[in-house]
1. Suppose the chain between residue 170 and residue 132 were pulled fully straight at 0.36 nm per residue; how much longer would it get relative to their current alpha carbon spacing?
2. If each DSSP helix of 4+ residues adds -39,500 (n - 2.57) and the sum is divided by the residues in the chain, what number results at 222 nm, nearest 500 deg cm²/dmol?
3. Taking the chain as a Gaussian network, where each spring joins two C-alpha atoms under 10 Å apart, which residue of 40, 189, 159 fluctuates the most?
4. Assuming R0 = 35 Å, can you tell me the calculated FRET efficiency for the pair residue 141 and residue 44, based on Cβ-Cβ distance, to the nearest 0.05?
5. Considering only protein heavy atoms and a 1.4 Å probe, what is the carbon-and-sulfur percentage of the accessible area of the chain?
6. Pick from 109, 155, 56: which is most flexible by mean-square fluctuation in a GNM of the chain where alpha carbon atoms under 10 Å apart are linked?
7. Less than 26 Å apart at the alpha-carbon level, and either on another chain or at least 8 residues along: which lysines does that give for residue 62?
8. Through the Karplus equation 6.51 cos²θ - 1.76 cosθ + 1.60, θ set to phi - 60°, convert the phi angles of segment 162-170 into ³J(HN,Hα) values in whole Hz; use x for Gly and Pro.
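The values are calculated or read from the model by the stated rules, or taken from the named source; none is laboratory data. It should be emphasised that the depicted structure is a prediction, and the values quoted were computed from it without experimental measurement. Cβ placement follows ideal geometry from the backbone for every residue including glycine, while neighbour counts extend to all protein chains displayed. Please note that ligands, DNA and RNA were not included when accessible areas were found on the heavy atoms of the full protein model with its side chains. Shrake-Rupley method; radii C 1.70, N 1.55, O 1.52, S 1.80 Å.
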Amino acid sequence: MNVFIDIETIPDQTEGALDNYIKEVTAPAQYKKPDSIAQWLADNGKDVAESNWLKTSFDGAKGQICAICYAIDDSEIRRFYAESTGAESGLLKHFNSQLSEDLNLRGVTLKPYFVGHYIKGFDLPFLFKRMVINQVKPEFKLNPFGRHGSDFYDTMEAWEGFKGNISLDNLSKALGFDAKKGISGADVWPMFKAGKYEDIANYCADDVDAVRKVYNKLNFIG
């Protein structure tokens, strides 16, 4: 069964995470004198620390999943999303249980064939790490470090090859689909802080819909 999937993530939510990044910032090597170092840190330290902290949303060891959406074959898209930074474990448990149920056929859970954009480099490894950290054991086959075309299907690699890179929006445009407007991955954390949890899930679901359309076109389906 094809399982078209996408996740949305937010930065490290452990207590004091941003403060720790502020403490770790150091001035560039060309600043030698204590006064100049102190001035550089005063002018730039917080911005540099925040930038480094925001990047943890790409690191499964530190960031958190705030939304997961998937669709099996041509079925409707299922949405799962967190409404607080402490809700990741519950989100993963709900997703885990529902996907297992959807894959169950006559008492046997079928192996999902995950399809997504850059899932080889991001979604599947991130999902695996967060499930380990939250001790949510997958009730289905999850191979986060497998091969495109064998263990899962990565639409980016299918289009660009092993080392290529293209965004889902740009690939969608190239294949003649309307791309999303007004929201990007960089907007997820500000939206989360603003309590726009369902909007994030809808954005995530839009990606699942786009991935399914791209997959079908790449494989001459429909």
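1. Details: separation 38, 0.36 × 38 = 13.68 nm, distance 3.28 nm.
Full extension from residue 170 to residue 132 adds 10.4 nm.
2. Numbers: 8 runs with 96 residues, N = 222.
-13500 deg cm²/dmol, from helical runs alone.
3. The residue that fluctuates most here is 40.
4. Details: r = 47 Å, r/R0 = 1.33.
Rounded to the nearest 0.05, the efficiency is 0.15.
5. After summing per-atom areas, the C and S share lands at 48 percent.
6. 109
7. Of all the lysines, those that pass the test against residue 62 - Cα under 26 Å, at least 8 places apart if same chain - are 23, 46, 93, 120, 129, 137, 141, 163, 193, 196.
8. Using θ = phi - 60°, the values come out as 4, 10, x, 8, 7, 6, 4, 4, 5 Hz.
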